[in-house]
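The next block holds one structure in the form of structure tokens; read it before the comments.
The values are calculated or read from the model by the stated rules, or taken from the named source; none is laboratory data. All of these numbers come straight from a predicted model, not from anything done at the bench. Cβ atoms come from the backbone with ideal geometry, glycine included; neighbour counts cover every protein chain shown. Quick note on the areas: whole protein, heavy atoms, side chains included, nothing else; ligands and nucleic acids left out. Shrake-Rupley method; radii C 1.70, N 1.55, O 1.52, S 1.80 Å.
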Amino acid sequence: MRKPFVAGNWKMNKTVAEARQLVAEMAPGLGSFQGVETVLCPPFPALVAVSAMLAGTGIGLGAQNMYWEESGAYTGEVSPAMVAELCGYVILGHSERRTYFGETDRGVNRKTVAALAHHLVPIVCVGETLAENAAGETAQVVTRQVREGLQGVDGAEASRLVIAYEPVWAIGTGKAATGQGANEVVRECIRKPLAELFGGSTAQAVRVLYGGSVTPANAAEFFGQPEIDGALVGGASLKPDFVKIVQAAVK
Ligand code: PGA
């Protein structure tokens with residue numbers, strides 16, 4: 001059985017002082033649930049402070065990005081070892097990285113391989129844009145992102161992956177996918193290519209999340225789907241109410 005998983009992606013929000021305040025408000029509630037893996041992903045500058053506050057709570061810490069190289073002349077980048085010193089998780093290939101910062105499937109692939117080598121759990125994001133959805137290309141796009149993003153990943157490590165299906169049109173728009181619609185994409189376009197790459201039992205072991213306008217009001221619709229194991233939450237993870245989303249994931 002796959003353990004439910006909920007991650008809060010704070011994106012480019014919260015100074016260190018604001019991050020401390022939010023964690024102080026949320027951590028007691030979040031830390032009280034058994035049977036769900038909960039992860040907070042603040043911006044890089046807040047990772048040290050939040051890591052200290054989460055010690056001993058059972059709540060995980062994740063970064064929102066990293067580079068694949070080990071070290072060197074890559075101004076502005078953060079290495080896998082730097083992330084792994086503080087975090088257990090890293091979000092990779094988020095659609096905002098792909099859209100605004102030119103990330104490609106190939107780059108996401110290199111980052112995923114590097115993250116696993118550093119014993120991080122990569123949260124690999126995939127999802128079609130509004131135009132791709134309207135053109136009937138969802139299956140093709142999501143399947144390609146999974147295949148290319150995960151090629152060359154060691155089969156023995158693959159079950160540690162977490163994949164987030166985030167239709168780009170649902171992110172930050174208030175227009176979430178339907179539970180059933182997301183479940184179908186996860187089954188056909190994520191678990192099937194996972195099975196081709198790594199075999200059926202690994203494909204069944206990988207946690208797959210839904211992301212895109214998840215709120216306390218709609219979370220249960222997604223968590224009730226057989227192929228969906230949790231959520232990657234953006235806007236709603238910045239409010240103390242995030243605790244309600246995590247609570248809804250507890251089986
Ligand atoms: P949202 O963002 O919950 O604000 O739609 C989700 C995400 O981008 O991970």
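Given the structure, is Q204 out of contact with any helix residue (DSSP H, G or I) (no Cβ under 8 Å at 6 or more places or on another chain) and assigned to a helix (DSSP H, G or I)?
Judged against the criteria, Q204 is not a match.
Among I228, I163, I190, which is more than 15 Å from the ligand (Cβ to nearest atom) and either at pLDDT 95 or above or outside any helix (DSSP H, G or I) (or both)?
I190
Going residue by residue through region 7-25, is there one that turns out to be in a loop (DSSP other than H, G, I, E, B), within 23 Å of G230 (Cα to Cα) and either away from the ligand (no atom under 16 Å from the Cβ) or in contact with a Phe, Trp or Tyr (Cβ under 8 Å, 6 or more places away or on another chain) (or both)?
No: region 7-25 contains no residue that is in a loop (DSSP other than H, G, I, E, B), within 23 Å of G230 (Cα to Cα) and either away from the ligand (no atom under 16 Å from the Cβ) or in contact with a Phe, Trp or Tyr (Cβ under 8 Å, 6 or more places away or on another chain) (or both).
From the list N133, N109, exactly one residue is within 16 Å of the ligand (Cβ to nearest atom), touching a residue at least 24 places away in the same chain (Cβ under 8 Å), part of a helix (DSSP H, G or I) and surrounded by 14 or more Cβ atoms within 10 Å (Cβ to Cβ). Which is it?
Numbers: N109 fails: within 16 Å of the ligand (Cβ to nearest atom).
The conditions single out N133.
Within the bounds of region 197-204, is there any residue that is at pLDDT 95 or above, open to solvent by 10 Å² or more (accessible area, probe 1.4 Å) and of a type in the set (F, W, Y)? Give the derivation first.
Step one: filter region 197-204 for residues at pLDDT 95 or above, giving 197-204.
Checking which are open to solvent by 10 Å² or more (accessible area, probe 1.4 Å) leaves us with 197-202, 204.
Filter once more, so that each one left must be of a type in the set (F, W, Y): 198.
Yes - at least one qualifying residue is present in region 197-204.
Considering only residues of region 65-101 that are touching a His at 6+ places or on another chain (Cβ under 7 Å) and open to solvent by 10 Å² or more (accessible area, probe 1.4 Å), which is nearest to G127 (Cα to Cα)?
Once the filter is applied, the top-ranked residue is A84.
For the condition away from the ligand (no atom under 14 Å from the Cβ) and of a type in the set (A, V, I, L, M, F, W, C), what is the one hit in V185, V214?
When all the criteria are applied, what remains is V185.
Among the residues of region 147-164, are any closer than 15 Å to G212 by Cβ, small (G, A, S) and in contact with a Leu (Cβ under 9 Å, 6 or more places away or on another chain)? First the steps, then the outcome.
Kept after step one, since they are closer than 15 Å to G212 by Cβ, are these residues of region 147-164: 163-164.
Now narrow it down to the ones that are small (G, A, S): 164.
Those still in the list that are in contact with a Leu (Cβ under 9 Å, 6 or more places away or on another chain) too: 164.
Within region 147-164, one or more residues are closer than 15 Å to G212 by Cβ, small (G, A, S) and in contact with a Leu (Cβ under 9 Å, 6 or more places away or on another chain).
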